[in-house]
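What follows is one structure encoded as structure tokens, with my remarks underneath.
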Amino acid sequence: MAVEINLAGRRALVTGAGRGIGRAIALKLASAGAEVVLAARSLPELERVAAEIKALGYRAHVHPVDVSDVRGIPAFFETAAAAAGTIDILVNNAGINLRSPAEETDFDAWDKVMRVNLDAVFFLSQAFFKHLKAAGRTGKIVNIASLLSEAARPTIAPYTASKGGIRQLTLALAVEWAKYGVTVNAVGPGYIATEMTEPLRNDPEFNAWVLERTPLKRWGAPEDVASAVLFLVSEHAGFITGQVIYVDGGWLASL
């Protein structure tokens with residue numbers, strides 16, 4: 001028997017929604033009936049995704065934001081919620097990666113990665129929780145973690161540290177907010193075919209390494225990640241909190 005997920009009547013805020021994994025998540029949630037609030041830096045990208053959602057017959061709101069401006073997050077969230085109504089799903093997807101050897105990583109690079117990948121996730125989650133508590137509602141948070149929440153590669157120490165932090169933050173908030181009916185989980189993508197990873201896929205040596213290292217022998221698709229997010233925000237995941245689901249084709253399981 002097919003299991004259907006119906007998010008009609010729900011409102012979801014997705015950060016980094018203009019392309020790649022964020023776009024796929026926004027489309028997936030909209031296709032299940034959710035009204036989606038699209039957030040990212042690029043207004044043209046957001047408008048394109050909103051047009052795709054509206055073409056499917058669903059509603060979308062566009063709210064440009066630079067989440068690295070952490071102190072502006074509470075005001076941004078209030079504006080988005082005032083325009084859309086009560087938001088009961090938050091997907092913290094926005095993220096960046098700056099590559100350099102650890103000994104050459106300067107303060108500004110470290111700070112920028114941490115502000116976008118970790119600080120913004122905490123303060124958006126905090127604003128979302130306060131919003132739910134004031135409305136007397138329950139809700140669901142899904143953070144986008146990474147393989148590098150568990151493993152490591154050279155030249156990306158700030159990114160690795162930030163995604164390790166996402167794993168632990170997910171656990172901390174899940175435990176603290178469970179009594180309010182707010183579940184907090186994460187999805188950890190493996191190597192996913194997006195615009196951001198195109199240079200890696202076009203590198204024959206790196207592409208061959210990914211395919212050899214991944215038991216399912218392919219790069220993941222953004223929709224693979226979006227499907228895991230859809231499950232976690234659905235009623236079928238009502239007793240799941242504080243978990244990280246790795247969508248990695250078996251990468252972490254393989255020696």
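In whole Hz, with x marking every Gly and Pro, tabulate ³J(HN,Hα) for the stretch 10-19 from phi via Karplus 6.51 cos²θ - 1.76 cosθ + 1.60, θ = phi - 60°.
For the stretch 10-19, the Karplus-derived couplings read 9, 10, 10, 9, 10, 8, x, 8, x, 6 Hz, x marking Gly and Pro.
If you only keep lysine pairs separated by 8 or more in sequence, or across chains, how many in the chain come under 15 Å at the Cα atoms?
6
Amide H to amide H under 5 Å from residue 10: which residues, 5+ apart in sequence or cross-chain, H placed 1.01 Å off N in plane?
Answer set, sorted by chain and number: 35.
Rounded if a/c is under 1.5, else prolate if a/b beats b/c, else oblate: with a ≥ b ≥ c from the C-alpha gyration tensor eigenvalues square-rooted, which is the stretch 1-99?
Cα axes put the stretch 1-99 in the prolate bin.
Per DSSP H run of at least 4 residues, take -39500 (n - 2.57); add these up for the chain, divide by its residues and hand me the 222 nm value, nearest 500 deg cm²/dmol.
Value at 222 nm, helices only, nearest 500: -13000 deg cm²/dmol.
Heavy atoms only, 1.4 Å probe, whole protein assembly: order 124, 171 by accessible area, highest first.
Of 124, 171, the descending order of accessible area is 171, 124.
Please work out the Cα center distance from the stretch 98-114 to the stretch 200-255, rounded to the nearest Å.
Cα centres, the stretch 98-114 to the stretch 200-255: 26 Å.
Can you compute the modelled spin-label distance between residue 216 and residue 43, with each label point 7 Å from Cα toward Cβ, in nm?
Roughly 3.8 nm, to one decimal.
Kindly rank 22-35, 222-235, 102-115 from highest to lowest mean number of other beta carbons found within 10 Å of each residue.
By packing density, highest mean first, the sequence is 22-35, 222-235, 102-115.
Just the accessible area per residue of the stretch 24-151, please: how many Å² with a 1.4 Å probe?
44 Å²
Mind giving me the nanometre distance, one decimal, between the label points for residue 196 and residue 86, set 7 Å out from Cα along Cα→Cβ?
Each label point lies 7 Å from its Cα, and together they span 3.2 nm.
Could you tell me what % of all Cα pairs in the stretch 99-255 have separations over 28 Å?
Counting pairs separated by more than 28 Å, the tail of P(r) holds 26 percent.
Based on the mean of other beta carbon atoms within 10 Å per residue, what is the order of 141-147, 80-86, most packed first?
My ranking of the peptides, most packed first, is 141-147, 80-86.
Work out from phi, with θ = phi - 60° and the Karplus expression 6.51 cos²θ - 1.76 cosθ + 1.60, the ³J(HN,Hα) of each residue of the stretch 233-242, listed in order in whole Hz, and give x for Gly and Pro.
With coefficients 6.51, -1.76 and 1.60, one gets 8, 8, 5, 6, 10, x, 10, 10, 8, x Hz.
Percent of accessible area on the chain owned by carbon and sulfur, 1.4 Å probe?
Carbon with sulfur: 54 percent of the solvent-accessible area.
Could you state the accessible area per residue of the stretch 215-255 in Å², with a 1.4 Å probe and every protein chain left in place?
Computed with neighbouring chains in place, this is 53 Å² per residue.
The values are calculated or read from the model by the stated rules, or taken from the named source; none is laboratory data. For clarity, every value in this text was computed on a predicted model and none was experimentally measured. Reconstructed Cβ throughout: ideal geometry from the backbone, glycine too, with neighbour counts over all protein chains shown. Protein only, heavy atoms only, side chains kept; ligands, DNA and RNA dropped before computing areas. Shrake-Rupley method; radii C 1.70, N 1.55, O 1.52, S 1.80 Å.
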